[in-house]
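K.L.:
This structure is in structure tokens; I'll ask about it shortly.
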Amino acid sequence: MTCIDNDWWKQAVVYQVYPRSFRDSNGDGLGDIRGVTERMDYLHALGIDAIWLSPFYPSPLIDGGYDVADYRNVDPRLGTLDDFDEMVAAAHAAHIKVIVDIVPNHTSTEHTWFKAALAAGPGSPERERYIFRPGRGDAGELPPNGWKSTFGGGAWEAVGDGDWYLHLFAKEQADLNWKHPDVQKDFKHTLRFWSDRGVDGFRVDVAHALAKDLESRPLDAWTDDPEQGVVDGDNPLWDRPEVHDIYRAWRQVFNEYEPPRFAVAEAWVHPDHQWMYASPDELGLVFNFEFSKANWTADSFRLAIEEGLDAAERSGSTTTWVLSNHDLPRHPTRFALPQVPSRVHHQLVNDWLLRDGTTYVEDRALGARRARAALLMELALPGSVYLYQGEELGLFEVADLPWDALEDPQARMTAHGDALKGRDGCRVPLPWRAADPTGAFGFSLPAEHAAPHLPQPAWFADFAADVEEADTHSMLTYYRHALALRARLIAASGSAELTWAPMNGGDAIAYERPLADGRTLTCITNFGIAPVEAPQGELIMASASLEQGALPQDTAAWIAR
Ligand code: NOJ
């Protein structure tokens with residue numbers, strides 16, 4: 001009899017697939033669903049528990065698919081529903097669960113609802129599913145207020161008949177009105193649609209933005225842009241208390257299934273508020289982005305870990321640990337900029353690195369060394385770990401993409417020159433094969449194929465999966481080894497307990513965890529210049545060689561006793 005673990009997601013290692021850039025099976029230059037199926041052996045060998053697919057739904061691809069035109073279908077460029085079913089079957093046969101992305105804050109302006117709203121005109125019931133408001137000025141020529149889009153520019157778009165609609169992201173992503181029963185009903189339908197197809201869980205995009213208060217005061221009384229991350233519950237757009245009613249309703253849907261489905265919230269909220277999204281009567285998990293925002297110092301990571309553990313305890317669930325995803329500069333690059341002052345937020349690092357004429361130099365040996373150490377620190381923590389495709393190859397950010405190749409609306413919506421190049425540098429198609437005469441590093445399978453949708457740099461040859469598979473010292477081999485040990489010794493203990501170890505403090509982080517074989521693991525990471533003596537016990541794995549029993553700077557180790 002198979003034993004079903006309803007709580008598998010609480011300690012899982014999840015691998016994020018960004019489908020357009022994972023593998024292209026039909027030669028159109030865009031990765032697709034079959035590309036994922038074809039690489040299931042690779043994913044199995046990596047030792048992950050689940051894959052999370054970023055959106056693969058029909059979409060004009062204005063924001064990499066986070067502009068969904070039809071929530072219950074597959075973009076024809078990425079495959080069909082049959083391809084999706086085959087992919088799920090292949091994943092399950094390999095004991096890999098499948099998580100899909102749900103984008104409930106906004107639809108593409110190509111969605112049938114939005115097209116109907118435009119056609120129906122001001123005051124129509126069709127417009128009520130979105131957030132349309134009359135403009136200010138004699139002829140409605142001014143936006144209802146000065147709110148800004150997250151990607152740059154104003155958050156209101158005029159439709160030519162006096163009305164404007166709200167878009168917190170690109171203008172092709174119209175915000176939905178979550179007070180509308182059609183919206184509530186349709187998303188439950190979508191959750192059931194994918195659950196019925198065997199999907200095991202969901203990632204909820206911008207989970208903290210769905211409930212909005214546009215009624216309690218006149219829109220033009222808002223002089224400032226409401227800042228994210230405030231905790232007073234008084235923000236009209238972000239992290240409002242009513243958002244939790246939506247997720248309590250979703251929980252009812254998740255519990256219709258056996259095992260119950262779960263979701264992980266993408267909620268960039270104050271650390272004190274994270275836990276609410278993860279509570280058992282809501283989604284189950286929330287991303288702990290403090291970990292991905294931490295600078296390379298012991299204090300910064302210790303605080304992020306404490307905040308994550310605190311959120312887990314308050315929610316009665318576990319937390320998540322993330323170093324990279326499709327929105328962040330790849331972490332080996334973030335860690336490879338020794339000159340950048342540690343107080344600088346990682347988004348600024350992206351800005352400074354990618355801005356033309358930057359003076360910051362990427363020290364790749366340093367970035368790789370720190371990335372290895374960070375992995376051990378991350379994998380031994382209680383909770384679930386979210387990896388981003390390509391991090392197992394040790395990929396760095398592709399910082400020098402030409403402006404005219406960029407796809408991210410962030411780049412389009414800010415002007416050139418002083419602009420952000422956006423997030424494409426971590427979304428470049430993966431290198432599978434170093435020696436590929438077609439020049440696509442094995443990303444596109446057919447011999448005749450279109451160019452990959454973002455250009456791959458020549459240095460990808462050194463990071464190709466086939467090269468790393470054959471190299472016992474590669475990042476890929478290192479990830480496989482660490483993930484296997486985590487599964488066998490750490491996750492298998494079934495415990496979420498963590499105790500800070502005596503040598504924790506100063507420039508080192510050290511914590512203890514129970515191991516499945518009854519021993520205790522100490523995970524120690526040294527960020528400082530001075531070597532730190534390793535605790536007594538058996539060295540299970542280290543990110544770099546110890547020197548006379550001590551961990552040099554930027555080294556982590558797992559020691560059992
Ligand atoms: C968060 C997603 O991760 C990001 O890629 C997207 O641009 C925004 N939400 C808008 O959907």
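K.L.:
Pick from the stretch 289-320 the residues that are of a type in the set (S, T, N, Q) and in contact (Cβ under 8 Å) with a residue 60 or more places away in the chain: which of them is nearest to ASN255 (Cα to Cα)?
P.N.:
Looking at residues that are of a type in the set (S, T, N, Q) and in contact (Cβ under 8 Å) with a residue 60 or more places away in the chain, I get SER317.
K.L.:
Considering (1) out of contact with any helix residue (DSSP H, G or I) (no Cβ under 7 Å at 6 or more places or on another chain); (2) modelled with pLDDT under 90; (3) over 19 Å from GLY29 (Cα atoms); (4) more than 16 Å from the ligand (Cβ to nearest atom), say which one ASP404 fails and leave the rest.
P.N.:
Unmet condition: (3).
K.L.:
For the stretch 535-548, which residues satisfy the criterion of being small (Gly, Ala, Ser) and out of contact with any strand residue (DSSP E or B) (no Cβ under 6 Å at 6 or more places or on another chain)?
P.N.:
Matches in the stretch 535-548: SER545 only.
K.L.:
Within the stretch 496-511, is even one residue among the aliphatic types (A, V, I, L, M), open to solvent by 50 Å² or more (accessible area, probe 1.4 Å), more than 31 Å from the chain's Cα centre (by Cα) and at pLDDT 95 or above?
P.N.:
no
K.L.:
Looking only at the stretch 189-238, count how many residues are of a type in the set (D, E, K, R) and outside any loop (DSSP other than H, G, I, E, B).
P.N.:
Of the residues in the stretch 189-238, the ones of a type in the set (D, E, K, R) are 192, 196-197, 200, 203, 205, 212-213, 215, 217, 220, 224-225, 227, 232, 234.
Pick out the ones that are also outside any loop (DSSP other than H, G, I, E, B) and you get 192, 196, 203, 220.
So the answer is 4.
K.L.:
Filter the stretch 533-551 for residues that are small (Gly, Ala, Ser) and not in a strand (DSSP E or B) and give the result.
P.N.:
Initial filter on the stretch 533-551 (small (Gly, Ala, Ser)): 534, 537, 542-545, 549-550.
Selection gives ALA534, GLY537, SER543, ALA544, SER545, GLY549.
K.L.:
Let me ask something else. Go through the stretch 96-154 and give me each residue that's open to solvent by less than 40 Å² (accessible area, probe 1.4 Å), aliphatic (A, V, I, L, M) and either touching a Lys or Arg at 6+ places or on another chain (Cβ under 8 Å) or within 16 Å of the ligand (Cβ to nearest atom) (or both).
P.N.:
Answer for the stretch 96-154, where residues must be open to solvent by less than 40 Å² (accessible area, probe 1.4 Å), aliphatic (A, V, I, L, M) and either touching a Lys or Arg at 6+ places or on another chain (Cβ under 8 Å) or within 16 Å of the ligand (Cβ to nearest atom) (or both): ILE99, VAL100, ILE102, VAL103, ALA117, ILE131.
For every residue, the table says whether it meets (1) assigned to a loop (DSSP other than H, G, I, E, B); (2) under 12 Å from SER324 (Cα atoms); (3) free of Cβ contacts under 8 Å to residues at least 60 places away in the same chain; (4) in contact with a strand residue (DSSP E or B) (Cβ under 6 Å, 6 or more places away or on another chain).
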residue: ALA371; (1), (2), (3), (4): no, yes, no, no
residue: LEU375; (1), (2), (3), (4): no, yes, no, no
residue: LEU395; (1), (2), (3), (4): yes, yes, no, no
residue: GLU407; (1), (2), (3), (4): yes, no, no, no
residue: PRO431; (1), (2), (3), (4): yes, no, yes, no
residue: ALA434; (1), (2), (3), (4): yes, no, yes, no
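K.L.:
Moving on to the next point. When the stretch 160-182 is examined, which residues are found to be within 15 Å of the ligand (Cβ to nearest atom), small (Gly, Ala, Ser) and either open to solvent by 30 Å² or more (accessible area, probe 1.4 Å) or within 9 Å of SER149 (Cβ to Cβ) (or both)?
P.N.:
ALA170
K.L.:
Being crowded, with 22+ Cβ neighbours inside 10 Å and away from the ligand (no atom under 16 Å from the Cβ) is the filter here; which residues of the stretch 52-87 pass it?
P.N.:
Within the stretch 52-87, LEU78, GLY79, PHE84, MET87 qualify.
K.L.:
Taking only the stretch 492-532 into account, find how many residues are in a strand (DSSP E or B) and of a type in the set (S, T, N, Q).
P.N.:
Adding up the residues that qualify gives 5.
K.L.:
Hey, could you check the stretch 279-294 for residues that are more than 14 Å from the ligand (Cβ to nearest atom), open to solvent by less than 20 Å² (accessible area, probe 1.4 Å) and part of a loop (DSSP other than H, G, I, E, B) and say which is nearest to LYS97 (Cα to Cα)?
P.N.:
Once the filter is applied, the top-ranked residue is LEU283.
K.L.:
Being more than 30 Å from PRO514 (Cβ to Cβ), part of a helix (DSSP H, G or I) and open to solvent by 40 Å² or more (accessible area, probe 1.4 Å) is the filter here, so list the residues in the stretch 456-490 that pass it.
P.N.:
Answer for the stretch 456-490, where residues must be more than 30 Å from PRO514 (Cβ to Cβ), part of a helix (DSSP H, G or I) and open to solvent by 40 Å² or more (accessible area, probe 1.4 Å): ALA458, TRP459, ASP462, ASP466, VAL467, GLU469.
K.L.:
Could you list, in sequence order, all residues of the stretch 183-209 that are farther than 11 Å from PRO104 by Cα and open to solvent by 10 Å² or more (accessible area, probe 1.4 Å)?
P.N.:
Correct list: LYS185, HIS189, ARG192, PHE193, ASP196, ARG197, GLY198, ASP200.
K.L.:
Here is a list of conditions, (1) farther than 19 Å from GLY162 by Cα; (2) over 21 Å from the mean Cα position of the chain (by Cα); (3) among the small types (Gly, Ala, Ser), and SER124 meets all of them except one; can you say which number that is?
P.N.:
With (1) farther than 19 Å from GLY162 by Cα; (2) over 21 Å from the mean Cα position of the chain (by Cα); (3) among the small types (Gly, Ala, Ser) applied to SER124, the lone miss is (1).
K.L.:
Just checking, does the stretch 131-144 include any residue being within 27 Å of TYR57 (Cα to Cα) and touching a Leu at 6+ places or on another chain (Cβ under 6 Å)? Walk me through how you get there before you give the answer.
P.N.:
From the stretch 131-144, those within 27 Å of TYR57 (Cα to Cα) are 131-132; that's our starting set.
Pick out the ones that are also touching a Leu at 6+ places or on another chain (Cβ under 6 Å) and you get 131.
Yes, that holds for at least one residue.
K.L.:
Answer yes if at least one residue in the stretch 21-30 is within 16 Å of the ligand (Cβ to nearest atom), under 19 Å from the mean Cα position of the chain (by Cα) and at pLDDT 95 or above, and no otherwise. Spell out how you get there, then give the answer.
P.N.:
Of the stretch 21-30, the ones within 16 Å of the ligand (Cβ to nearest atom) are 21-22.
Going one step further and asking which of them are under 19 Å from the mean Cα position of the chain (by Cα), we end up with 21-22.
Remaining after also requiring at pLDDT 95 or above: 21-22.
Yes, the stretch 21-30 has at least one match.
K.L.:
How many residues are at pLDDT below 95 and open to solvent by less than 40 Å² (accessible area, probe 1.4 Å) if we restrict to the stretch 268-278?
P.N.:
The qualifying residues number 4.
K.L.:
Inside the stretch 29-80, can you point out the residues that are outside any loop (DSSP other than H, G, I, E, B) and free of Cβ contacts under 8 Å to residues at least 60 places away in the same chain? Can you show your working first?
P.N.:
Taking the stretch 29-80 and keeping what is outside any loop (DSSP other than H, G, I, E, B), we get 33-38, 40-46, 50-53.
ILE33, ARG34, VAL36, THR37, MET40, ASP41, LEU43, HIS44, ILE51, LEU53, listed by residue number.
K.L.:
Just the residues that are over 13 Å from ASN26 (Cβ atoms) and surrounded by fewer than 17 Cβ atoms within 10 Å (Cβ to Cβ), please, taken from the stretch 439-454.
P.N.:
Hits for the stretch 439-454 are GLY439, ALA451.
K.L.:
So, one more: For the condition open to solvent by 60 Å² or more (accessible area, probe 1.4 Å) and away from the ligand (no atom under 16 Å from the Cβ), what is the one hit in ARG240, ARG261, ARG217, ARG251?
P.N.:
ARG217
K.L.:
Continuing with the same structure: Tell me which residues, restricted to the stretch 126-153, are of a type outside the set (Phe, Trp, Tyr) and within 21 Å of ALA211 (Cβ to Cβ). Before the answer, list the steps.
P.N.:
Of the stretch 126-153, the ones of a type outside the set (Phe, Trp, Tyr) are 126-129, 131, 133-146, 148-150, 152-153.
Once the filter is applied, which keeps residues that are of a type outside the set (Phe, Trp, Tyr) and within 21 Å of ALA211 (Cβ to Cβ), the stretch 126-153 yields ARG127, GLU128, ARG129, ILE131, ARG133, PRO144, ASN145, LYS148, SER149, THR150.
The values are calculated or read from the model by the stated rules, or taken from the named source; none is laboratory data. Bear in mind that the values here come from a model prediction, so they are computed numbers and not experimental data. Cβ sites come from the backbone with ideal geometry, for glycine too, and all protein chains shown count toward neighbours. When the accessible area is computed, the model is the full protein with side chains, heavy atoms only, and any ligands, DNA or RNA have been set aside. Shrake-Rupley method; radii C 1.70, N 1.55, O 1.52, S 1.80 Å.
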